[in-house]
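Taken together, the values in this text are just the output of simple stated rules run on the coordinates, not laboratory data. From a predicted model like this one, the values you see are computed outputs, not experimental measurements. Glycine gets a Cβ as well: all are built from the backbone with ideal geometry, and neighbour counts include every protein chain shown.
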Amino acid sequence: MNEMARQDRSMTGRTRRGMSAVLAGKRRGPGSVLLFAGPAIIASIAYIDPGNYATNIQAGAGYGYTLLWVVLLANLIAMLFQGLSAKLGIVTGQNLAELCGQHFSRPVVIAMWLVSEIAAMATDLAEFLGGAIGLALLFGIPLMAGMVVTAVVTYGILLVEGRGFRPMELVIGAFVAVIGLCYLTELFIAPVVWGQVGLGLALPQMPDAAALTISVGIIGATVMPHAIYLHSGLTQGRATVRNEGERRRLLRFSNIEVVLALAVAGMINIAMVIMAAGAFHAGHSDVAEIETAYHALTPLLGAAAASAFLISLIASGISSSVVGTMAGQVIMQGFVRISIPVWLRRLVTMIPAFVVVAMGVNATEALVASQVVLSLALPVPMIALVLFTGRADIMGSYVGGRIERVLAIAGAAVILILNVVLLAQTFGVPIPGLG
């Protein structure tokens with residue numbers, strides 16, 4: 001009884017009561033919407049993780065503002081799929097991994113689980129390395145030491161999850177705010193031609209084959225497998241729904257949050273490209289690596305710009321690594337009904353990163369390799385999500401309409417085709433039109 005009373009008085013308990021009052025029509029006002037903010041904010045970290053940094057830097061340094069429209073398109077596709085994932089959790093009360101476990105044969109489920117676990121490790125490799133690189137550069141410490149610090153900090157943040165969903169949402173939201181403020185600072189420091197920014201966003205252009213390759217990387221790595229799984233898990237039991245009217249209100253709030261949270265993530269990605277364009281395009285268009293970008297920023301824009309860049313990278317790496325571990329828990333529990341302690345989950349997902357660094361592998365090359373693994377794993381959750389949200393026996397009256405299904409299939413086709421192109425490029429398979 002004491003435990004139940006404690007939970008009721010907790011931040012999560014107060015949030016649940018507030019959401020119930022809003023859904024029942026007993027509470028109104030602008031502040032009411034904030035009660036429903038959280039799941040999409042956590043999922044949005046996948047779109048501003050360290051894997052995005054190198055691609056955005058390459059796009060801005062090499063092509064200025066020309067490829068901004070690609071970032072915008074990628075963000076719109078991300079909104080669609082994260083919205084579908086959130087909808088699946090709210091309507092069914094189950095997450096994507098659980099539904100896969102129920103509706104597919106055992107051999108298929110085991111295969112999907114193994115592929116998804118490998119994807120979770122690949123995701124954490126990129127995120128973990130990103131945070132460690134930032135710490136190593138900012139404080140002048142060895143990369144291995146940066147990894148140890150990252151491991152300790154991420155584990156400490158993961159312990160917050162034991163206090164309920166609300167504290168974790170606020171922690172991750174704070175990291176998103178730090179990243180956003182850092183890039184807002186960069187925009188004030190870097191020379192920006194805003195007219196060309198508007199043109200780059202509105203006018204699709206593809207200067208050459210190399211630009212197409214970068215565009216494939218931007219879009220092909222946008223929708224992350226773990227984010228699709230996780231979002232449905234974050235929404236499946238967050239709010240108590242008593243009738244269909246409340247469920248529809250909850251879906252409306254969820255859609256608003258998805259659009260706003262992914263819009264913020266998209267603006268941060270756009271700001272990354274703008275910063276790289278303003279700082280590097282004129283005389284340093286060959287900048288392509290995170291370390292190179294940092295060392296070039298100090299003489300070009302000053303120590304403040306370089307520090308803001310590293311702080312945002314550290315915040316991105318730590319927060320996205322936390323979210324990746326949370327996604328791994330959802331994947332394992334959903335597919336094989338196994339729950340393991342968070343310290344063990346953290347240990348399993350970060351071991352590959354330590355092995356890679358201990359072997360002396362170049363950190364940037366490891367980041368690229370992790371994106372290839374993610375490209376191989378992406379079809380698993382994406383196709384499953386499109387199938388489930390289009391089935392009336394699962395979604396009932398909330399099954400997607402014709403427009404939604406067409407957009408979902410088209411979005412999946414775009415992402416999957418570009419991932420195939422990205423993989424072909426990586427393994428040296430010639431693709432017509434690509435250099």
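Points worth noting:
- Label-point gap, in nm, between Val33 and Leu260 - each point 7 angstrom along Cα→Cβ: 0.5 nm
- Within-14-Å neighbourhood charge of Gln94 [Cβ basis; K, R +1; D, E -1]: +2
- Using C-alpha pairs below 8 Å separated by at least 6 residues, the relative contact order for the chain is 36 percent.
- Per residue, the chain reaches -26000 deg cm²/dmol at 222 nm when only DSSP H runs of four or more residues are counted, each adding -39500 (n - 2.57).
- Between the beta carbons of Val152 and Ile338, assuming R0 = 22 Å, the FRET efficiency works out to 0.30 to the nearest 0.05.
- Fewest-first ordering of Lys26, Lys87 by other beta carbons within 10 Å of each residue's beta carbon gives Lys26, Lys87.
- Ranking of Met206, Met332 by neighbouring Cβ atoms within 10 Å, starting from the fewest: Met206, Met332.
- By the beta-carbon count within 10 Å of each Cβ, the least crowded to most crowded order of Asp124, Asp286, Asp393, fewest first, is Asp393, Asp286, Asp124.
- What separates the Cα centres of segment 217-288 and segment 327-341 is a distance of 23 Å.
- Highest-MSF residue in the chain out of Gln82, Gln205, Gln102 [GNM, Cα springs under 10 Å]: Gln102
- FRET efficiency estimate (nearest 0.05) - Cβ-Cβ, Glu404 to Asp208, R0 41 angstrom: 0.70
- Highest GNM mean-square fluctuation among Ser105, Ser370, Ser316, for the chain modelled with Cα contacts below 10 Å: Ser105.
- Once the C-beta distance of Met11 and Leu143 is scaled by a Förster radius of 45 Å, the resulting FRET efficiency is 0.80 to the nearest 0.05.
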